[in-house]
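Colleague: I'd like to ask you about the structure that follows.
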């Protein structure tokens, strides 16, 4: 008879990660995944959700320290502040093992109005994973909003046109925003 340590994997692979700050009051320009001595930034997709799909999934072992390094805008003199959200690897492995029969599994964690979702797999291949483009419209052009938000987290855009033609809708759709401020 096999015991639990024989049947559960010694390592998992993180194929993708999403960090949602929509419920938080913090202005977060960047997040970094830290597993042991490996650090990887999470690209800013749009608004208050940062996400990244790793072309080579990150390996997570049971003994690895695992955290998210959060940088946010402080109120005083625009200086960035930071803190770490530590993720319990034993809890991640335990929840992964509890979901029988699925190749790709998700781990959900909430921390002070911040929601974290990890895409987990037992193998390092991303071929069995669902496409992450469910959230973005499919186009032949690569999205540039990630780069814009990463390089300049606060920017303004000017769209001119007649009243009622959908300027705000265009901005909301192009940048994945919920609210746009328009000045007449």
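Colleague: For the stretch 101-114, does any single residue satisfy the condition of being outside any helix (DSSP H, G or I), in contact with a helix residue (DSSP H, G or I) (Cβ under 7 Å, 6 or more places away or on another chain) and either surrounded by 10 or more Cβ atoms within 10 Å (Cβ to Cβ) or modelled with pLDDT under 65 (or both)?
Modeller: Yes, because at least one residue in the stretch 101-114 is outside any helix (DSSP H, G or I), in contact with a helix residue (DSSP H, G or I) (Cβ under 7 Å, 6 or more places away or on another chain) and either surrounded by 10 or more Cβ atoms within 10 Å (Cβ to Cβ) or modelled with pLDDT under 65 (or both).
Colleague: For the stretch 36-57, indicate whether the set of residues that are under 27 Å from residue 173 (Cβ atoms), in contact with a helix residue (DSSP H, G or I) (Cβ under 6 Å, 6 or more places away or on another chain) and in a loop (DSSP other than H, G, I, E, B) is non-empty.
Modeller: Within the stretch 36-57, one or more residues are under 27 Å from residue 173 (Cβ atoms), in contact with a helix residue (DSSP H, G or I) (Cβ under 6 Å, 6 or more places away or on another chain) and in a loop (DSSP other than H, G, I, E, B).
Colleague: For the structure I just gave you, tell me whether residue 19 is within 17 Å of residue 110 (Cα to Cα), in contact with a strand residue (DSSP E or B) (Cβ under 9 Å, 6 or more places away or on another chain), buried (at least 17 other Cβ atoms within 10 Å of the Cβ) and at pLDDT below 85.
Modeller: no
Colleague: Taking the stretch 22-35, which residues are under 30 Å from residue 174 (Cα atoms), assigned to a strand (DSSP E or B) and at pLDDT 85 or above?
Modeller: Hits for the stretch 22-35 are 31, 32, 33.
Colleague: Next up: Given the condition surrounded by 15 or more Cβ atoms within 10 Å (Cβ to Cβ), assigned to a strand (DSSP E or B), touching a strand residue (DSSP E or B) at 6+ places or on another chain (Cβ under 9 Å) and modelled with pLDDT of 90 or more, answer yes or no: does some residue in the stretch 75-93 qualify?
Modeller: Checking the stretch 75-93: at least one residue is surrounded by 15 or more Cβ atoms within 10 Å (Cβ to Cβ), assigned to a strand (DSSP E or B), touching a strand residue (DSSP E or B) at 6+ places or on another chain (Cβ under 9 Å) and modelled with pLDDT of 90 or more.
Colleague: Looking at 162, 167, which one is at pLDDT 70 or above, loosely packed, with under 12 Cβ neighbours inside 10 Å and farther than 24 Å from residue 67 by Cα?
Modeller: 162
The values are calculated or read from the model by the stated rules, or taken from the named source; none is laboratory data. Predicted, not measured: the structure shown is a model, and the values here were computed from it. Heads up, the Cβs are rebuilt from the backbone with ideal geometry, glycines too, and the neighbour counts pull from every protein chain shown.
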